[in-house]
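Below you'll find the structure, written out as structure tokens, and then a few comments.
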Amino acid sequence: MIFKDATLQDVDQALVQSSAAFADYAQTSLKVRAALMRAIAVELDSLGEDLIQVTMSETNLTEVRLKGERARTVFQLNSYADACERGDWLEVSINTADTARVPPKPDIRKTKFPLGPVVVFGSSNFPFAYSTAGGDTASALAAGCTVIVKAHPAHPKTSDMVAGAIKSALKKLGMDENIFIHLHGASNQVGEALVKHSATKAVGFTGSYQGGMALFHWANERREPIPVFAEMGSVNPVYLFPEKLNDNAALFAQQYAESITLGVGQFCTNPGLIIGIESDALSVFVSQLGEKITSIAAGKMLHEGIASAYKIKSQKAIEQNAVQLAGSASNANDTISGTPMVATVDADTFLSNPLLAEEVFGPFSLVVRCKDINQLHQIASSMKGQLTSTLIATEGELQKHSKLVQTIASTCGRLILNGVPTGVEVCLSMQHGGPFPATTDARFTSVGGDAIKRFARPVSYQNFSNALLPEELKNENPLQLWRTVNDQLTKNAL
Ligand code: NAP
């Protein structure tokens with residue numbers, strides 16, 4: 001099937017329709033939005049085996065993985081629907097008037113408004129969870145925004161089927177079909193036109209650094225700049241502290257061989273950099289990790305473009321001065337497979353060659369050998385923003401090196417202790433984000449109910465009568481939300 005690329009007229013029409021739909025959708029109650037999200041979850045599930053088969057053929061991902069990812073996407077839609085209704089993301093606060101004060105203090109009540117039509121770009125490696133009905137779409141709908149999705153060109157049929165499920169949910173609920181609009185566009189022109197259209201009010205993106213930054217620049221060159229929430233690549237550094245490694249080198253080698261090669265390394269939280277201190281334990285870790293990686297078969301990557309980029313980047317990394325290969329699976333002689341690889345380099349070389357700190361998207365990891373803890377600290381200080389950082393350490397080591405831990409924490413969104421970074425739990429306390437260049441806005445998460453906050457802005461009402469206020473700000477607290485009233489968190493009516 002050939003998918004028709006949207007023309008510039010199609011983009012304009014989509015934004016006009018989306019803006020018109022926004023005028024009404026922005027006024028809907030939290031209950032109505034939550035009902036829509038739950039209905040989309042039902043429709044997505046009811047696409048059954050057909051969807052899984054289509055997505056398998058478009059992505060080379062396994063049936064088990066895709067069934068799991070769809071279940072996660074359904075869970076996301078339902079849990080963000082719950083978060084939408086709970087209304088904590090509105091962060092309602094009320095300070096009541098004090099007419100006796102000189103000058104009199106006004107009654108001020110703060111809530112949030114949806115931003116407007118949101119353009120969503122999904123990623124190829126999560127065809128469900130970070131794509132058409134993924135986290136960005138769910139959180140924008142929860143905030144009261146209409147959504148225009150640009151289908152990822154690597155899985156257009158999947159995107160069409162999922163878009164059909166969303167349309168079907170809207171139809172069954174009798175809602176405006178233009179609350180959600182789906183466009184194709186294999187060229188970057190469509191994306192550019194969507195971001196630059198004056199009616200677009202925000203962008204959600206998951207993908208590469210290059211893609212995210214192109215969108216970010218376009219959004220900032222507009223007459224009216226708009227926020228771009230771009231979740232981009234990351235190398236997810238892992239810091240090995242000597243005492244903990246000494247007792248568990250073999251165990252961590254096993255865990256990391258599995259984490260590096262999970263899903264042929266095609267996860268944004270893939271551990272691409274492991275930093276340790278020269279010791280016997282580090283040598284054991286490197287040699288065992290190398291052995292295990294050698295025994296893992298090359299797997300099919302998402303598409304030939306990603307496989308070719310992996311081949312070029314991993315090759316370039318191992319060809320750098322002083323980089324040694326510690327283990328490599330046998331090379332599959334085709335254009336689609338990704339060969340697991342682990343290499344090692346000394347810290348001086350690493351610090352003098354910025355290319356070695358770049359993401360190699362696929363089953364590749366680089367182990368950096370430091371002379372001592374000070375050099376490890378030097379590397380931690382040089383690290384760019386990351387989605388995650390992992391500490392392999394005893395409690396005593398963490399206490400002794402608290403400044404180093406602080407340095408590491410200040411460069412990432414999620415800090416993991418004695419585990420692996422792959423696997424992102426969907427829950428309210430998850431922070432999936434991080435300082436630039438992991439994302440374009442470290443203050444927000446793209447996973448968990450708080451992701452809704454990206455697509456809403458605070459508005460204060462001053463001296464409005466109870467009858468004129470939105471539901472969430474009324475004295476009676478009809479929505480039974482948690483609200484901060486005169487600086488105290490409460491569900492009580494005023
Ligand atoms: P990608 O190539 O950047 O594609 C993502 C989307 O952005 C696609 O729709 C793509 O459309 C569009 N796009 C990319 N470059 C563009 C440009 N210059 N102008 C306009 N649109 C553009 O990313 P991917 O290959 O799908 O995903 C792999 C990357 O995503 C990895 O780096 C991975 O670490 C990252 N990732 C990050 C997260 C996270 O949460 N932080 C999650 C998953 C993946 P076109 O193909 O038409 O250009």
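Hey, got the dipole for region 238-417? About the Cα centre, +1 on K and R Cβ, -1 on D and E Cβ, debye to the nearest 20? Show your work: numbers first, answer last.
Details: 12 positive and 16 negative charges, 75 e Å.
Computed charge dipole of region 238-417: roughly 360 debye.
Hey, if you put +1 on the Cβ of every Lys and Arg and -1 on every Asp and Glu Cβ in the chain, which of Ala456, Phe205, Gly276 ends up farthest toward the positive end of that dipole?
Of the candidates, Ala456 comes out farthest on the positive side.
Which order do the peptides 203-216, 134-147, 417-430 come out in when sorted by mean C-beta neighbours inside 10 angstrom, highest first? Walk me through the intermediate numbers first.
On the way: 203-216: 21.5, 134-147: 28.4, 417-430: 15.8.
So the order, starting with the most tightly packed, is 134-147, 203-216, 417-430.
Where in region 1-70 are there chymotrypsin sites (Phe, Trp or Tyr not before Pro) that are in a DSSP coil and have at most 11 other Cβ atoms within 10 angstrom of their Cβ? List each step's numbers first, then the result.
Working: sites: Phe3, Phe22, Tyr25; in loops: Phe3.
Passing both the DSSP loop test and the Cβ count: no residue.
With contacts defined as alpha carbon pairs under 8 Å and 6 or more residues apart, what's the relative contact order of region 238-417 in percent? Present the calculation step by step, with values, prior to reporting the outcome.
Values: 332 pairs, mean separation 49.7, N = 180.
Reported as a whole number, the value is 28 percent.
Return the aspartates and glutamates within reach of Lys316: Cα separation strictly under 20 angstrom, same-chain partners fewer than 8 residues apart disregarded; answer none if there are no such residues.
Glu304, Asp334, Asp346, Asp348, Glu358, Glu359
Within the chain, which whole H helices from DSSP have a Cα span along their axis of at least 15 Å and a mean Kyte-Doolittle hydropathy of 0.0 or more, if any?
On the way: long enough: 8-25 (25 Å, 0.12); 30-46 (24 Å, 0.75); 48-59 (17 Å, -0.18); 63-86 (34 Å, -0.81); 156-172 (24 Å, -0.21); 209-221 (18 Å, -0.35); 242-261 (26 Å, -0.53); 280-294 (21 Å, 0.53); 304-318 (21 Å, -0.21).
Span-like helices in the chain: 8-25, 30-46, 280-294.
Which cross-chain or sequence-distant (5 or more) residues have an amide H under 5 Å from the amide H of Leu494, H modelled 1.01 Å from N in plane?
Answer set, sorted by chain and number: Glu476, Asn477.
Taking the dipole about the Cα centre of region 238-417, with the C-beta of Lys and Arg at +1 and of Asp and Glu at -1, give me whichever of Gln386, Asn248, Val342 is farthest to the positive side.
Gln386
Of Lys244/Lys400; Lys31/Lys201; Lys157/Lys313; Lys110/Lys453, which pairs sit farther than 18 Å apart, going by alpha carbon to alpha carbon?
Working: Lys244/Lys400 13 Å; Lys31/Lys201 24 Å; Lys157/Lys313 29 Å; Lys110/Lys453 14 Å.
Beyond 18 Å: Lys31/Lys201; Lys157/Lys313.
Does the chain come out rounded, prolate or oblate by the C-alpha gyration tensor, with a ≥ b ≥ c the root eigenvalues, rounded set by a/c under 1.5 and, if not, prolate when a/b is larger than b/c and oblate if not? Working shown, then result.
Values: a/c = 2.19, a/b = 1.43, b/c = 1.53.
Verdict is oblate for the chain.
If you plug each phi of region 485-494 into the Karplus form 6.51 cos²θ - 1.76 cosθ + 1.60 with θ = phi - 60°, what whole-Hz ³J(HN,Hα) values come out, in order, with x for Gly and Pro?
10, 6, 6, 10, 6, 7, 9, 5, 6, 7
How would region 238-417 be classified by its alpha-carbon gyration tensor: rounded, prolate or oblate, with rounded meaning a/c under 1.5 and the a/b versus b/c comparison settling the rest?
On the way: a/c = 1.75, a/b = 1.59, b/c = 1.10.
It is prolate, given that a/c is not under 1.5 and a/b is the larger ratio.
What's the longest bit of the chain with no exposed trypsin sites (Lys or Arg not before Pro), using DSSP loop states and at most 13 other Cβ atoms within 10 Å as the test? Walk me through the intermediate numbers first.
Working: sites that count: Lys4, Arg101, Arg222, Arg223, Lys371, Arg443, Lys491.
The reported range is 224-370.
Among residues other than Arg33 whose Cβ falls under 14 Å from its Cβ, what is the net charge (Lys/Arg +1, Asp/Glu -1)?
Values: positive: Lys31, Arg38, Arg86, Lys112; negative: Asp24, Asp82, Glu85, Asp176, Glu471, Glu472.
Neighbour charge sum, excluding Arg33 itself: -2.
Where a number appears in this text, it was derived from the coordinates with a stated rule and is not lab data. Since we're looking at a predicted model, the values are computed, not measured. Because the Cβ atoms are built from the backbone with ideal geometry, glycine has one as well, and the counts that use them run over all protein chains shown.
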